[in-house]
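Visitor: Below is a structure I'd like to ask you about.
The values are calculated or read from the model by the stated rules, or taken from the named source; none is laboratory data. Since this is a predicted model, take the numbers as computed values, not measurements. In this analysis, Cβ positions are derived from the backbone assuming ideal geometry, glycine residues included, and neighbour counts consider all displayed protein chains.
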Amino acid sequence: MNSYRCAVLSIVKHAYVPRGVASHPQFELVVVADDAAQPDWVHERNQRLADEFDIPYVKDVERAVSEYNVQVAVVSSEAERHCDLSVRAAEAGLHIVQDKPMSDRLSECDRLVEAVERNGVKFVMWNRNFLPALVHARQLVEAGEIGDIRAIHCDFYFAKDCGPPVGSRGPDDPPINWLEHQIAAHVDGSDGGVGREPMGELKIEGIYPLAYIHSLTGAAVKRVFARTASHFHQVHADNNVDDLATVTLEMAGGIVGTLAIGRIGASSHPDIGEIKLHLTGDKGGLVISEARPEVGIYYRGQPPHEFRHQRIAVDNDFLIMEDFARAIETGSETVLDVRTGRAIAATVEAALLSARTNEVVNVNSA
Amino acid sequence: MTTTQTPASLRLAVVGNDQDRNAMSHIENRLSGLVAPMLQFEWLDDLLAEIDSFDAVVALPDSGNASSAAETLAASDKHLLIEASILTSVDEVSHLRSVYEQSKATLVASYRLRYQAASKAVLASLDNKKLGRPGLVRIHAWSPSHPADEQLLSLIDLACSVFQSAPETVWAIQKIFGQASRCMNLHMGFPQNGMALIDVSIGDSFGAGYFTWSVIGSDGAAYIDDHHDMQLLIRDSQRRAITAPDTSLSILSQVQEFLDRVTSRREPRVDTSDLEVALNVAASAMQSITTEAVAS
């Protein structure tokens, strides 16, 4: 069994990606690295992960890569640096595990596709495609239980808060600074959009449901129509980004898709949020709850924010990395490869343009 | 034209299909403002032959030509509740409204879907401001052979009832797979950035059907889902997920509101506005499908 030494290239968000990588016995985190010019808060977070895993933190990406004999880069920086770090890793011949979103700019995604393919390395975007419900859904679809897919619909609501509610800013209050808010949100892990560029939920989290849709249909998105709103949180309104969005997808093969996504607030669901898939085919329909299987656990003194329903049999992290190892060793594609990630980023970009123009928009298929 | 004096208790006639009339007979003793027993007719033409024997009519699906019967009913100042899914054209509704505006009787056209127990609970939560400002309505309705146009209209009405407004924009896609199978997707934009997605899928393989809808508000959300409400039947080595049939409570609620409106002389006396909104949205959807552009 091969083993792979991994360099974590910046870890400014909650550390689910490097921890997920390390959950697989073939992958070992050996160093954390970042550019020396990064601000102090970035270095502090990098150092924290290095301390957690008892590995060194090197403020020089290229030196860390060359000195620590690594084969894999784990990139979890601010979104606007994702592609740059991944391109540098690809140029160094490293396989790449990258956090979402792929980037805040499609041009950066294109640069990454080119670098990954030219250097012949493997790439995986972090995803949830191996959650038990999704694995089961794929099995049912592949077994032909609903026949050829005609339509697929995904609800993806995260019942988390994100600062004060919309409308709470006083007339003399300044708008909430995006980066400062995201840095502060690290405490409760709701800093998925950390970076200088404000990003809405569609851009931050859209990768997950769109990856579901891709994994179940394999169909490219051709055209989109979308609506977006800053419906819940003042930080989204102040920075003119969405926290609620709907997208209609016209896909190859005549498949119709829709996506409803939002950071709907902690009061809107007793658990992490309503996440469901509805599929119709020429032989029937399929309704999938992403949360299942789950166990209800209730007890006296239960903290109000503890989920009452706990997901069970979740092996997503291990299975992503198992798939990644297989891709490295056999040359197969990963569960969410660089071209699929780029296609999803293009779909999101088209949807945001559609929402601004109120028109149907073709997806840039590169 | 005869003079209408709204009686304290109404003599009610019901016309329509067996199933709905049967439901009405089950709730008869639970309706207030009503002189029992109700008269029952299969067809509107039969009902018109006994026009002096009732004060108000509940017209249910499969009862015949409502437009022509409405002229006679309005001329005789007979109050009329019409299940809105019967009416599928704007011209028909305009005619109906016109003849009733010339009468002294009450005309209400409403969709029963609004009166289902789940719908009432959600709409009450919105009225009570528990959910805050509505932002998103999501509906899936899968059925084997229900007339798609009628179903679509009631779903549009449900979405509009949440926002208490007509949509500003409509984007629609329709896919037809032979005579008995099709799907339609409506994507609507409402004032204040509200949005709604409606998926209507028709196909023989959908059997008993499936229905779910949800409302995402600024302070809360509501989820109604056959998937959640199903019971499990285990028999002959097979597991079947089953839902309870809609009870007669929805028709009770719909008819009682009509009776209350008549007896209290609540305005507007002639109310087809919700129906007209739904029909106009459906027309916009057809326009969007035809032109492949966003309709507004």
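Visitor: Quick one: is A:Glu290 more than 8 Å from every other protein chain (Cβ to nearest Cβ) and of a type in the set (Asp, Glu)?
Guide: When the stated conditions are applied, A:Glu290 passes them.
Visitor: If only one of B:Val14, B:Val35 is assigned by TED's automatic domain parsing to the domain that holds B:Thr72, modelled with pLDDT of 90 or more and not in a helix (DSSP H, G or I), which one is it?
Guide: That would be B:Val14, the only listed residue that is assigned by TED's automatic domain parsing to the domain that holds B:Thr72, modelled with pLDDT of 90 or more and not in a helix (DSSP H, G or I).
Visitor: Go through (1) in contact (Cβ under 8 Å) with a residue 24 or more places away in the chain; (2) touching a Lys or Arg at 6+ places or on another chain (Cβ under 9 Å); (3) surrounded by fewer than 24 Cβ atoms within 10 Å (Cβ to Cβ); (4) within 10 Å of chain B (Cβ to nearest Cβ) and name the single condition A:Met251 misses.
Guide: Condition not satisfied by A:Met251: (4).
Visitor: Go through region A:226-236 and count every residue that is more than 7 Å from every other protein chain (Cβ to nearest Cβ) and in contact with a strand residue (DSSP E or B) (Cβ under 9 Å, 6 or more places away or on another chain).
Guide: Total satisfying the criteria: 6.
Visitor: Next question. Out of the residues in region B:283-296 that are surrounded by fewer than 21 Cβ atoms within 10 Å (Cβ to Cβ) and in a helix (DSSP H, G or I), state the one that is farthest from the other protein chains (Cβ to nearest Cβ).
Guide: Among them, the one singled out is B:Ala283.
Visitor: Mind checking which residues of region A:150-201 are among the basic types (Lys, Arg) and in a loop (DSSP other than H, G, I, E, B)?
Guide: Within region A:150-201, the subset among the basic types (Lys, Arg) is A:150, A:160, A:169, A:196.
Correct list: A:Lys160, A:Arg169, A:Arg196.
Visitor: Give the residue, chosen from B:Ser85, B:Ser67, that is assigned to a helix (DSSP H, G or I) and free of Cβ contacts under 8 Å to residues at least 40 places away in the same chain.
Guide: On the way: B:Ser85 fails: free of Cβ contacts under 8 Å to residues at least 40 places away in the same chain.
Testing whether each residue is assigned to a helix (DSSP H, G or I) and free of Cβ contacts under 8 Å to residues at least 40 places away in the same chain leaves just B:Ser67.
Visitor: Still on this structure, please answer the following. How many of the residues making up region A:259-287 are within 7 Å of chain B (Cβ to nearest Cβ) and in a strand (DSSP E or B)?
Guide: 7
Visitor: I would also like to ask the following. All but one of (1) in contact (Cβ under 8 Å) with a residue 40 or more places away in the chain; (2) within 14 Å of chain A (Cβ to nearest Cβ) hold for B:Phe163; which doesn't?
Guide: It fails just one condition, (1).
Visitor: Of everything in region B:173-187 that's more than 14 Å from B:Ala293 (Cα to Cα) and surrounded by fewer than 19 Cβ atoms within 10 Å (Cβ to Cβ), which residue is farthest from the other protein chains (Cβ to nearest Cβ)?
Guide: B:Gln179
Visitor: Give the residue that is modelled with the highest pLDDT, with candidates limited to residues of region A:161-191 that are within 17 Å of A:Ile264 (Cβ to Cβ) and either among the acidic types (Asp, Glu) or in contact with a Pro (Cβ under 9 Å, 6 or more places away or on another chain) (or both).
Guide: A:Asp161
Visitor: With respect to B:Phe190, determine if the residue is closer than 30 Å to A:Ser168 by Cβ, crowded, with 18+ Cβ neighbours inside 10 Å and more than 8 Å from chain A (Cβ to nearest Cβ).
Guide: Taking the combined requirement at face value, the residue satisfies it.
Visitor: Taking interchain pairs and intrachain pairs at least six residues apart, which have beta carbon atoms under 6 angstrom, with the first residue in region A:25-51 and farther than 17 Å from A:Val75 by Cβ and not assigned by TED's automatic domain parsing to the domain that holds A:Lys13 and the second at pLDDT below 95 and outside any loop (DSSP other than H, G, I, E, B)?
Guide: none
Visitor: Also, I was wondering about something else. Could you check region B:204-236 and list, in sequence order, the residues that are at the interface with chain A (Cβ under 7 Å from one of its Cβ atoms), touching a residue at least 40 places away in the same chain (Cβ under 8 Å) and more than 19 Å from the chain's Cα centre (by Cα)?
Guide: Passing the criteria: B:Ser205, B:Phe206, B:Ile216, B:Ser218, B:Asp219, B:Gly220, B:Ala221.
Visitor: So which strands (runs of 3 or more DSSP E) are wholly in region B:143-250 and hold at least 1 residues that are touching a Gly at 6+ places or on another chain (Cβ under 7 Å)?
Guide: B:169-176, B:194-202, B:210-217
Visitor: Also, quick follow-up: Would you check if A:Gly93 is surrounded by fewer than 16 Cβ atoms within 10 Å (Cβ to Cβ), outside the structural domain of A:Glu197 (by TED's automatic domain parsing) and closer than 23 Å to A:Val338 by Cβ?
Guide: yes
Visitor: Among what's in region B:193-203 and is within 21 Å of A:Ile149 (Cα to Cα) and hydrophobic (A, V, I, L, M, F, W, C), pick the residue that is nearest to the other protein chains (Cβ to nearest Cβ).
Guide: Top of the filtered list is B:Leu197.
Visitor: Follow-up. Based on what the data block shows, is B:Phe258 in the same structural domain as B:Ala23 (by TED's automatic domain parsing) and in contact (Cβ under 8 Å) with a residue 40 or more places away in the chain?
Guide: It is true that B:Phe258 is in the same structural domain as B:Ala23 (by TED's automatic domain parsing) and in contact (Cβ under 8 Å) with a residue 40 or more places away in the chain.
Visitor: Further question on the same structure: If you take the residues in region A:212-226 that are touching a residue at least 12 places away in the same chain (Cβ under 8 Å) and surrounded by fewer than 23 Cβ atoms within 10 Å (Cβ to Cβ), which one is farthest from A:Glu145 (Cα to Cα)?
Guide: Looking at the filtered set, the residue picked out is A:Arg223.
Visitor: Which of the residues belonging to region A:96-126 are surrounded by 22 or more Cβ atoms within 10 Å (Cβ to Cβ) and either part of a loop (DSSP other than H, G, I, E, B) or in contact with a Cys (Cβ under 6 Å, 6 or more places away or on another chain) (or both)?
Guide: Residues satisfying the conditions are A:Asp99, A:Lys100, A:Pro101, A:Met102, A:Ser103, A:Asp104, A:Leu112, A:Val121, A:Lys122, A:Trp126.
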